[in-house]
Amino acid sequence: MRNVFFATLCISGVLWAAAHAHDEMSESKRRIVNTEMVAHAKAWLGLLDSQQLESACFAFNSDERFNWHFVPRERLGLPLKAMNLQQRQAAYVLLQTGLSHEGYLKATTIMSLESVLHELEKDRSGNDDRRDPEKYWFSVFGTPSGYKPWGWRLEGHHLSVNFSSVDGAVAAATPLFLGASPAEIRSGPRAGQRVLAAEEDLARKLIMSLQDNHAEKSVMLSKAPEEVFTVPDASLELGSPEGVFGKEMTPPQQVLFQQVVEQVVRTLRGELADDVRVAISGDALREVSFAWAGSFERGKGHYYRIHGPSFIIEYDNTQNEANHAHIVWHSLHDNFGLDTLRRHYESEHAPRNKKAKKSGP
């Protein structure tokens with residue numbers, strides 16, 4: 001019994017040490033990313049005139065930092081439309097500090113779809129300004145810093161990319177929203193292009209595989225919802241996870257499940273996706289679930305949800321005859337870095353509170 005007890009202690013110690021080492025490595029990487037973001041944010045801001053700076057900059061504690069959306073509407077911030085070529089180039093370089101190469105191409109292609117929509121809708125709408133690939137706004141919250149909290153955002157139709165830094169490290173890169181309309185371009189010189197093709201195709205491959213051993217449990221609704229549930233201002237509390245857990249899948253299904261999640265999170269540069277990668281690695285995948293709604297047939301309305309202890313991903317493609325896709329990724333605890341920020345403030349003020357208690361009566 002004693003040997004078993006000490007063996008258990010040793011294993012626990014090894015696991016704790018491994019987790020601690022990962023946390024330290026992850027934070028180190030996030031500090032490097034923050035350093036790059038600070039440099040390129042300052043470089044971009046340094047090219048703006050006073051009026052542009054007033055449009056682009058907000059206090060870190062501004063409510064605007066949480067005012068994210070994905071519909072085609074006017075926003076606060078500085079749009080690409082109001083920048084000269086040099087300023088735009090600097091803004092795009094800043095965007096590249098947060099996204100992978102694949103993610104950057106995905107984001108800029110989503111922006112370019114506004115031109116496709118403009119052509120598709122020009123005979124139906126008198127508003128020629130509604131669809132515009134230059135109507136994407138950059139915003140900076142607080143002062144880019146290696147020690148103070150700050151953040152920045154790029155947002156426009158079907159794209160919301162949010163980064164928050166605390167204590168000199170990038171603390172959060174969620175919420176992250178990507179959309180594509182049309183999900184598949186069906187005419188013109190770009191016919192056949194599908195920006196979010198892999199996000200759809202891999203998930204469909206997984207749900208078809210799950211029909212072999214989890215046909216009933218894997219489908220949460222026979223009809224897909226018209227939109228993702230975790231839209232702006234909606235609660236992230238979706239109840240108990242539905243569908244099939246990783247622990248219930250066969251090894252090949254688990255590999256496919258990991259690929260579905262990886263396809264989404266690798267929109268970000270690798271250092272910023274580490275936490276979710278850990279959450280779908282090894283035993284951690286056991287507690288992550290996958291659920292489908294709607295048709296299995298391509299071109300028919302469908303939805304899926306990936307629900308883990310620390311994150312949630314939703315995908316929906318129902319609008320415009322299932323040719324209009326939305327995908328959103330949330331941290332369940334640290335969207336906008338709020339939990340990290342809370343712990344930062346608690347740590348910062350703890351010594352002062354202790355001192356006050358000692359000096360009291």
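Mind telling me which of the residues 121, 184 ends up being over 30 Å from residue 38 (Cα atoms) and modelled with pLDDT under 95? Explain how you work it out, then say what you get.
Values: 184 fails: modelled with pLDDT under 95.
Exactly one of 121, 184 is over 30 Å from residue 38 (Cα atoms) and modelled with pLDDT under 95, namely 121.
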Checklist line | Close pairs (8 angstrom Cβ cut-off, 6 or more residues apart or separate chains): within 26 Å of residue 31 (Cα to Cα) in region 273-296, modelled with pLDDT of 95 or more and exposed (fewer than 15 other Cβ atoms within 10 Å of the Cβ) anywhere | finding: 279/309
Next item on the list: Test each condition in (1) part of a helix (DSSP H, G or I); (2) crowded, with 22+ Cβ neighbours inside 10 Å for residue 305 and report the one that comes out false.
Entry: (1)
Note to self: Looking at region 181-201 only, could you name the residues that are more than 18 Å from the chain's Cα centre (by Cα) and crowded, with 18+ Cβ neighbours inside 10 Å?
What the structure shows: 181, 182, 183, 184, 185, 193
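If you check 210, 238, which single one turns out to be surrounded by 15 or more Cβ atoms within 10 Å (Cβ to Cβ), closer than 18 Å to residue 199 by Cα and of a type in the set (A, V, I, L, M, F, W, C)?
Working: 238 fails: closer than 18 Å to residue 199 by Cα.
Only one candidate qualifies: 210.
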Notebook entry, point to check: Could you say whether any residue in region 272-289 is buried (at least 21 other Cβ atoms within 10 Å of the Cβ), within 28 Å of residue 107 (Cα to Cα) and either among the polar types (S, T, N, Q) or out of contact with any helix residue (DSSP H, G or I) (no Cβ under 8 Å at 6 or more places or on another chain) (or both)?
Noted result: yes
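Out of all the residues in region 214-237, is one or more within 18 Å of residue 329 (Cβ to Cβ) and basic (Lys, Arg)? Walk me through it before giving the result.
Residues of region 214-237 that are within 18 Å of residue 329 (Cβ to Cβ), as a first pass: 225, 227-237.
Filter once more, so that each one left must be basic (Lys, Arg): none.
No - not one qualifying residue is present in region 214-237.
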Note to self: Contact list please: Cβ distance under 8 Å, first residue in region 151-163 and within 15 Å of residue 79 (Cβ to Cβ), second residue β-branched (Val, Ile, Thr) and assigned to a strand (DSSP E or B), pairs at least six apart or on different chains.
What the structure shows: 152/140; 153/161; 154/161; 155/161
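Just give me the residues in region 54-86 being farther than 24 Å from residue 149 by Cα and in a helix (DSSP H, G or I), in sequence order. Break it down stepwise before answering.
Kept after step one, since they are farther than 24 Å from residue 149 by Cα, are these residues of region 54-86: 70-74, 80-86.
If the condition is that a residue be farther than 24 Å from residue 149 by Cα and in a helix (DSSP H, G or I), then 80, 81, 82, 85, 86 are the ones that fit.
Could you check region 313-326 and list, in sequence order, the residues that are among the hydrophobic types (A, V, I, L, M, F, W, C) and either surrounded by fewer than 24 Cβ atoms within 10 Å (Cβ to Cβ) or not in a strand (DSSP E or B) (or both)? Before the answer, list the steps.
Residues of region 313-326 that are among the hydrophobic types (A, V, I, L, M, F, W, C), as a first pass: 313, 322, 325.
Correct list: 322 only.
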Notebook entry, point to check: How many of the residues making up region 91-115 are buried (at least 20 other Cβ atoms within 10 Å of the Cβ) and either over 17 Å from residue 162 (Cα atoms) or outside the structural domain of residue 136 (by TED's automatic domain parsing) (or both)?
Noted result: 2
Note to self: Test of understanding: among 148, 122, which residue is closer than 18 Å to residue 30 by Cα and surrounded by fewer than 20 Cβ atoms within 10 Å (Cβ to Cβ)?
What the structure shows: 148
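The values are calculated or read from the model by the stated rules, or taken from the named source; none is laboratory data. Note that the structure is predicted; figures quoted are calculated from it, not measured. Virtual Cβ from ideal backbone geometry, glycine too; neighbours counted across all protein chains shown.
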